[in-house]
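The next block holds one structure in the form of structure tokens; read it before the comments.
The values are calculated or read from the model by the stated rules, or taken from the named source; none is laboratory data. Keep in mind it's a predicted model, so treat the numbers as computed, not measured. Glycine gets a Cβ as well: all are built from the backbone with ideal geometry, and neighbour counts include every protein chain shown. Surface areas here come from the heavy atoms of the whole protein model, side chains and all, with no ligands, DNA or RNA. Shrake-Rupley method; radii C 1.70, N 1.55, O 1.52, S 1.80 Å.
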Amino acid sequence: MSSQSSVAPEETFPLGPDSLTWKYFGDNRIFLTAPWSGAMQNMHPKLGAAVEEHSRFFDERWQRLNRSTYPIAGVVYDGDRAPQTGAEVRDYHRDIKGVDRNGNRYHALDPDVFYWAHATFFMGIVNFAEHFAGGLSEADKRQLFDEHVDWYRMYGVSMRPVPRSWEDFQEYWEDMCRNVLEDNQATRDVLDLGSLDHPFFLPIPEAAWPALRPVVATVYTWLTVGMFDEPVRRRMGYRWTIADRIAFKGVAAATTITSSIAMRFVPERLMLHPRAMAALDRARGKTPTDAPLPQTPRMFAPPVDEWDSPRHYNPYRAECPVGRVQRPIGTGSSN
């Protein structure tokens, strides 16, 4: 398989409302694949080492998840501003580097590492659409592949690792799953959903969370294992029986049907990420093309001692000095 992209990185084509990526990536139901994406990312040896040594994600899971989705979604939905958003996301990773436990150097902007993270977002869309949104044709997958290349250009990084075609990507993905990914602590931490804090931003009574948490953890972990490729399941020590396969298909079908019915009654603005909804408003002429981009709510700002860190997306940095951020009680660590 050739690892050389056929398109120059400076030729940027932001995605638009005619793309399948727009259709799926901003759908809030895609959070069903969030643990899968996180686990698959962290199984890359260098990316996992960077998370283990530099990330405080597990001290503030909900805040980090809700904070990160804004710029990541923006690379898809920000139109002419997408390259700027992509450059910002890229630059959050500039000083994340070190030496792993085996003595190997790593850097978050290593082209192979950075592309792997992007590949998991792309395959997260494929998984979501395949299992929970009615399925994809082969033509759909090819279109999504082409769009993921245009999407990746927005970061302004090396295009060297990007496969030339959907067929080449499938070879790349299989090789990564079979020969490169590893079982490591960063991945195990993602899959440790039994320690999830109360999701304070959802209408779930805090008193009910201790009883709900084991159910949520069990279901999410099982769904995640169901989306793993078989070599990944084996490496992580999971068994996936015929009964599991049948049950997974049934749950996926029921989820698809139920959510499709719900979408007829739930307002569109509740079904889509704010960055996606704003993009649709601009495309439909409801708001100006240069309207301000939605930013994460203040409650999801970084921990106060990392307020000025260049590693964090923080839209409130300029207006609120260190020590002035206030979070609701029980919303995660700020130490």
Residue pairs meeting the criteria (Cβ under 8 Å; at least 6 apart or on separate chains; first touching a residue at least 24 places away in the same chain (Cβ under 8 Å) and over 21 Å from Val76 (Cβ atoms), in the stretch 152-175; second open to solvent by less than 10 Å² (accessible area, probe 1.4 Å) and in a helix (DSSP H, G or I))
Tyr172/Ala119
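Could you pull out the residue among Gly226, Gly250 that is within 27 Å of Leu270 (Cβ to Cβ), surrounded by 16 or more Cβ atoms within 10 Å (Cβ to Cβ) and small (Gly, Ala, Ser)?
Details: Gly250 fails: surrounded by 16 or more Cβ atoms within 10 Å (Cβ to Cβ).
Of Gly226, Gly250, the one residue that is within 27 Å of Leu270 (Cβ to Cβ), surrounded by 16 or more Cβ atoms within 10 Å (Cβ to Cβ) and small (Gly, Ala, Ser) is Gly226.
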Quick check on the stretch 166-181. Is at least one of its residues outside any helix (DSSP H, G or I) and charged (D, E, K, R)?
no
Select from the stretch 174-186 the residues that are touching an Asp or Glu at 6+ places or on another chain (Cβ under 8 Å) and open to solvent by less than 30 Å² (accessible area, probe 1.4 Å) and list them in ascending order.
Cys177, Asn184, Ala186
Among the residues of the stretch 66-102, count how many are out of contact with any Leu (no Cβ under 6 Å at 6 or more places or on another chain) and open to solvent by 50 Å² or more (accessible area, probe 1.4 Å).
11
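Inside the stretch 185-199, can you point out the residues that are farther than 12 Å from Val216 by Cβ and touching a helix residue (DSSP H, G or I) at 6+ places or on another chain (Cβ under 8 Å)?
Residues of the stretch 185-199 that are farther than 12 Å from Val216 by Cβ, as a first pass: 185-192.
Residues satisfying the conditions are Gln185, Ala186, Thr187, Asp189, Val190, Leu191.
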Residue tally, condition open to solvent by 20 Å² or more (accessible area, probe 1.4 Å) and closer than 16 Å to Ile30 by Cβ, over the stretch 128-140
7
Check Tyr70, Tyr115, Tyr155 and return the single one that is under 22 Å from Pro310 (Cα atoms), of a type outside the set (Gly, Ala, Ser) and not in a helix (DSSP H, G or I).
Tyr155
Do any residues in the stretch 258-285 that are closer than 19 Å to Gly79 by Cβ and touching a residue at least 40 places away in the same chain (Cβ under 8 Å) have Cβ atoms under 7 Å from those of residues that are among the aromatic types (Phe, Trp, Tyr) and open to solvent by less than 30 Å² (accessible area, probe 1.4 Å), where the two are at least six apart or on different chains, and which pairs are they?
Arg275/Tyr70; Arg275/Tyr77; Ala276/Tyr77; Ala279/Tyr77
Sole exception among (1) modelled with pLDDT of 95 or more; (2) surrounded by 15 or more Cβ atoms within 10 Å (Cβ to Cβ) for Tyr220, by number:
(1)
Please name all residue pairs, on different chains or six or more residues apart, with Cβ atoms under 6 Å, provided the first residue is in the stretch 72-99 and is in contact (Cβ under 8 Å) with a residue 24 or more places away in the chain and the second residue is open to solvent by 60 Å² or more (accessible area, probe 1.4 Å) and part of a helix (DSSP H, G or I).
Gly98/Glu53
Could you tell me which numbered condition Asp189 fails, if it satisfies all but one of (1) assigned to a helix (DSSP H, G or I); (2) buried (at least 19 other Cβ atoms within 10 Å of the Cβ); (3) out of contact with any Leu (no Cβ under 8 Å at 6 or more places or on another chain); (4) modelled with pLDDT of 95 or more?
(4)
